[in-house]
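*Asks:* Before I ask anything, here is the structure I am working with.
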Amino acid sequence: MICAGRVVIVTGAGRGLGRAHALEFARQGAKVVVNDIGVGLDGSGGDDQPAQQVAAEIEALGGEAAVHGADVADWEQARELVAFAVDRFGGLDVLVNNAGVVRDRMFVNVTEAEWDQVIRVHLKGHAATLRHAAQYWRDQAKAGAPVQPRVVNTTSGAGLLGSIGQTNYAAAKAGIVALTVNTAAELARYGVTVNAIAPSARTRMTEDVFVDLMAEPADGFDGMAAENVSPLVVWLGSEASADVTGRVFEVRGGAVTVATGWQRGPSRDAGRRWEPAEIGPVVRELLAQAPAPEPVYGS
């Protein structure tokens, strides 16, 4: 019960990872706002039944849940989602940004609509909810109210290393990493921690990617189950994680890995303006000294 009494919003909580997170938060004592608009993988359609079913499962466990169907990439609806949690449960302690869509295609074939939709749902959908939650927490902190706010964003290995055929998705997920690092630095003064996970799990979004890992394992441990990711998310949402912020964790099965991002490597300073003809050998020397980059997924 490490989140007993805490109020949590989980976006995209009707299925997959979001559903697993919502249920685990409930098992650990949290009051959960289940956000989902029930669209297909490509963002089409809409159905509130998945969210309602998750809320019913939480209530069957003896927990408290409420459903809100905000489009998280709509600035005003994201504000309404945060306000709903505060009005319904008396506050907000944790925001788990999980909602997303995919429109996979090789970059030379990507349409403007496919680009805009993926960037909108993933990146703006994280930013809009976080923006309004941050304002609420800032106001609480300035009023002297005790707060222990937590944000868990969802990036991807595609956002960390790239992924062939997913340039729009990779760009959005890389943006989420930058959003995480930057807001962690800005919001630390209010006691807000912001971290991100890059999960590997079998969901609607990844079933084609992990097709070779679909079979049930002989030892009974399903390393690709979405539920394996949720314990870390719940811990990051607890008061126990107060000293962890601005970090990215890869999670798969029973493995948790700290992902390290861009950092300054070898450098040369001429103390003057370089001439174009002389800088080539210097660049090659620096690249020879630097670690080789991780390969792009699918390359």
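*Asks:* Determine, yes or no, whether PRO266 is out of contact with any Gly (no Cβ under 7 Å at 6 or more places or on another chain), exposed (fewer than 14 other Cβ atoms within 10 Å of the Cβ) and not aliphatic (A, V, I, L, M).
*Replies:* Values: out of contact with any Gly (no Cβ under 7 Å at 6 or more places or on another chain): yes; exposed (fewer than 14 other Cβ atoms within 10 Å of the Cβ): yes; not aliphatic (A, V, I, L, M): yes.
Considered against the rule, which asks whether it is out of contact with any Gly (no Cβ under 7 Å at 6 or more places or on another chain), exposed (fewer than 14 other Cβ atoms within 10 Å of the Cβ) and not aliphatic (A, V, I, L, M), PRO266 comes out as yes.
*Asks:* Is there any pair with a first residue in region 244-267 that is closer than 12 Å to VAL229 by Cβ and a second that is assigned to a strand (DSSP E or B) and among the aromatic types (Phe, Trp, Tyr) whose Cβ atoms are under 6 Å apart and which are 6 or more apart or on different chains, and what are they?
*Replies:* These pairs meet every condition: VAL256/PHE249.
*Asks:* Could I ask something else about it? Got at least one residue in region 105-119 being surrounded by fewer than 19 Cβ atoms within 10 Å (Cβ to Cβ), of a type in the set (Lys, Arg), out of contact with any helix residue (DSSP H, G or I) (no Cβ under 6 Å at 6 or more places or on another chain) and within 17 Å of ILE176 (Cβ to Cβ)?
*Replies:* no
*Asks:* I've got another one for you. Can you spot a residue in region 213-231 that is of a type in the set (A, V, I, L, M), surrounded by 12 or more Cβ atoms within 10 Å (Cβ to Cβ) and at pLDDT 95 or above?
*Replies:* First, pick out the residues of region 213-231 that are of a type in the set (A, V, I, L, M): 213-215, 218, 224-226, 229.
Pick out the ones that are also surrounded by 12 or more Cβ atoms within 10 Å (Cβ to Cβ) and you get 213, 224-226, 229.
When the remaining residues are screened for being at pLDDT 95 or above, the result is 229.
Yes, the conditions are met somewhere in region 213-231.
*Asks:* Further, regarding this structure: Between LEU81, LEU95, which is assigned to a strand (DSSP E or B) and either over 29 Å from PRO231 (Cβ atoms) or at pLDDT 95 or above (or both)?
*Replies:* LEU95
*Asks:* Just the residues that are in contact with a strand residue (DSSP E or B) (Cβ under 8 Å, 6 or more places away or on another chain), in a loop (DSSP other than H, G, I, E, B) and not charged (D, E, K, R), please, taken from region 218-252.
*Replies:* GLY223, MET224, VAL229, GLY237, SER238, ALA242, VAL244, THR245, GLY246
*Asks:* Against the conditions (1) in contact with a Gly (Cβ under 9 Å, 6 or more places away or on another chain); (2) surrounded by fewer than 17 Cβ atoms within 10 Å (Cβ to Cβ); (3) modelled with pLDDT of 95 or more; (4) assigned to a loop (DSSP other than H, G, I, E, B), where does GLY14 fall short? Just the number, please.
*Replies:* The failed condition is (2).
*Asks:* Which members of region 269-289 meet the condition of being part of a loop (DSSP other than H, G, I, E, B) and surrounded by 10 or more Cβ atoms within 10 Å (Cβ to Cβ)?
*Replies:* ALA270, TRP274
*Asks:* Do we find that GLU76 is acidic (Asp, Glu), surrounded by fewer than 16 Cβ atoms within 10 Å (Cβ to Cβ) and either at positive phi or within 21 Å of the chain's Cα centre (by Cα) (or both) in this structure?
*Replies:* On the way: acidic (Asp, Glu): yes; surrounded by fewer than 16 Cβ atoms within 10 Å (Cβ to Cβ): yes; either at positive phi or within 21 Å of the chain's Cα centre (by Cα) (or both): yes.
The answer is yes for GLU76.
*Asks:* Take the residues of region 36-46 that are at pLDDT 70 or above and not β-branched (Val, Ile, Thr): which is nearest to the chain's Cα centre (by Cα)?
*Replies:* That would be ASP36.
*Asks:* While we're here: State the number of residues belonging to region 64-116 that are within 13 Å of ASN35 (Cβ to Cβ), out of contact with any Phe, Trp or Tyr (no Cβ under 7 Å at 6 or more places or on another chain) and among the β-branched types (Val, Ile, Thr).
*Replies:* Of the residues in region 64-116, 4 are within 13 Å of ASN35 (Cβ to Cβ), out of contact with any Phe, Trp or Tyr (no Cβ under 7 Å at 6 or more places or on another chain) and among the β-branched types (Val, Ile, Thr).
*Asks:* Here are ASP48, ASP71, ASP104, ASP139: which of them is farther than 16 Å from ALA172 by Cα, in contact with a strand residue (DSSP E or B) (Cβ under 7 Å, 6 or more places away or on another chain) and not β-branched (Val, Ile, Thr)?
*Replies:* Exactly one residue qualifies, and that residue is ASP48.
*Asks:* Could you tell me which residue of region 85-101 is farthest from the chain's Cα centre (by Cα), considering only residues that are of a type in the set (A, V, I, L, M, F, W, C) and surrounded by fewer than 24 Cβ atoms within 10 Å (Cβ to Cβ)?
*Replies:* Start the filter on region 85-101 by keeping residues that are of a type in the set (A, V, I, L, M, F, W, C), which leaves 85-86, 89, 92, 94-96, 99, 101.
This time we only want the ones that are surrounded by fewer than 24 Cβ atoms within 10 Å (Cβ to Cβ), so: 86, 89, 101.
Values: VAL86: 22, PHE89: 23, VAL101: 13 Å.
Looking at the filtered set, the residue picked out is PHE89.
The values are calculated or read from the model by the stated rules, or taken from the named source; none is laboratory data. Here the structure is a predicted model, which means the values were calculated and not measured. We place every Cβ from the backbone using ideal geometry, glycine too, and count neighbours over all the protein chains shown.
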